[in-house]
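Encoded as structure tokens, the structure appears first; notes follow it.
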Amino acid sequence: MHLDTVAPASRRRGAALEDALLSSAWQELVKRGYGALTFDSVAHSAGTSRPVITRRWATKPELVRAAVAHELLRHVIEVPDTGSLRDDTVALLREANEKRIAITALITSYLGDYFLETGSTPADLRASIVGERQSSVDTIVDRAVARGEVRADRLTPRTRTLAFDLFRHEALMRLGRVPDDVIDEIVDDIYVPVLCG
């Protein structure tokens, strides 16, 4: 009698293994929320063992931070260069609407217990992921300064990020996509007048 045999799955290593672990952690986070997520549930989802995970991330907060960063990197937003502050900002916000809005809503909905446990905030989480890299916002504003659209001496950290802070507020209040007309209003009625007026 002939028996069909199934070849054992190839053993994942390095980047392939880390990608699988972090993808599974993100899926478990979305499925269960932070409070119910465990190393065991992630290991089961990834088809591996708990020690494989804990060798890389010793605590649940470390694993979750890595999973969030991994998911954000899967949805990279290109910095537009249209030649104007207004059009660059609108383009960036619309792309964020398409690529990142669901992630933003999920982070807000599912990470409340994470912030309580770690005593941190969404701003702290963002800073730990972004690090020292120049943000897309700074790139856009610096280009506008170089073109002479914006005076550098009138900029403050708050005015630089104003459009993006308002966009984030809208996304959190809606737990979803920000309408294009609201993006236009934020940029045309508030951001550009403040930076260029």
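Data overview
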{"quantity": "Selection count, segment 149-179, where residues are small (Gly, Ala, Ser) and modelled with pLDDT of 95 or more", "calculated": "1"}
{"quantity": "Residue in segment 22-54 that is nearest to Phe115 (Cα to Cα), counting only those that are in a helix (DSSP H, G or I) and touching a residue at least 40 places away in the same chain (Cβ under 8 Å)", "calculated": "Leu29"}
{"quantity": "Count of residues meeting criterion [of a type in the set (D, E, K, R), surrounded by 15 or more Cβ atoms within 10 Å (Cβ to Cβ) and assigned to a helix (DSSP H, G or I)] in segment 139-164", "calculated": "3"}
{"quantity": "Single match in Arg168, Arg143 (criterion: within 23 Å of Leu73 (Cα to Cα) and assigned by TED's automatic domain parsing to the domain that holds Leu92)", "calculated": "Arg168"}
{"quantity": "Residue check for Leu125: closer than 23 Å to Leu37 by Cβ, in a helix (DSSP H, G or I) and modelled with pLDDT of 85 or more", "calculated": "yes"}
{"quantity": "Test: Thr118 is surrounded by 15 or more Cβ atoms within 10 Å (Cβ to Cβ), over 30 Å from Lys31 (Cα atoms), outside the structural domain of Glu28 (by TED's automatic domain parsing) and not charged (D, E, K, R)", "calculated": "no"}
{"quantity": "Candidates Val42, Val30, filtered to the one that is of a type in the set (A, V, I, L, M, F, W, C), at pLDDT 90 or above and either touching a helix residue (DSSP H, G or I) at 6+ places or on another chain (Cβ under 7 Å) or closer than 21 Å to Arg74 by Cα (or both)", "calculated": "Val42"}
{"quantity": "Among (1) buried (at least 16 other Cβ atoms within 10 Å of the Cβ); (2) within 23 Å of Ala102 (Cα to Cα); (3) at pLDDT below 90, the one test that Arg12 misses", "calculated": "(2)"}
{"quantity": "Unique match (being within 24 Å of Glu149 (Cβ to Cβ) and part of a helix (DSSP H, G or I)) among Leu93, Leu63", "calculated": "Leu93"}
{"quantity": "Long-range neighbours under 7 Å by Cβ, at least six apart or interchain, first residue outside the structural domain of Arg65 (by TED's automatic domain parsing) within segment 122-137, second part of a loop (DSSP other than H, G, I, E, B)", "calculated": "Ser136/Ile77; Ser136/Val79"}
{"quantity": "Residue selected from segment 99-122 under the condition at pLDDT 80 or above and among the aliphatic types (A, V, I, L, M), by the criterion nearest to Leu162 (Cα to Cα)", "calculated": "Leu111"}
{"quantity": "Residue selected from segment 69-90 under the condition part of a helix (DSSP H, G or I) and under 21 Å from Glu170 (Cβ atoms), by the criterion modelled with the lowest pLDDT", "calculated": "Leu72"}
{"quantity": "Qualifying residue in segment 85-96 (condition: crowded, with 16+ Cβ neighbours inside 10 Å, among the small types (Gly, Ala, Ser) and within 28 Å of Ala36 (Cβ to Cβ))", "calculated": "no"}
{"quantity": "Restricting segment 175-197 to residues that are without any contact (Cβ under 8 Å) to a residue 60 or more places away in the chain and surrounded by 13 or more Cβ atoms within 10 Å (Cβ to Cβ), the residue that is farthest from Leu92 (Cα to Cα)", "calculated": "Val194"}
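The values are calculated or read from the model by the stated rules, or taken from the named source; none is laboratory data. Note that this is a predicted model, so its numbers are computed, not measured. Note that each Cβ is placed from the backbone with ideal geometry, even for glycine, and that neighbours are counted across all protein chains shown.
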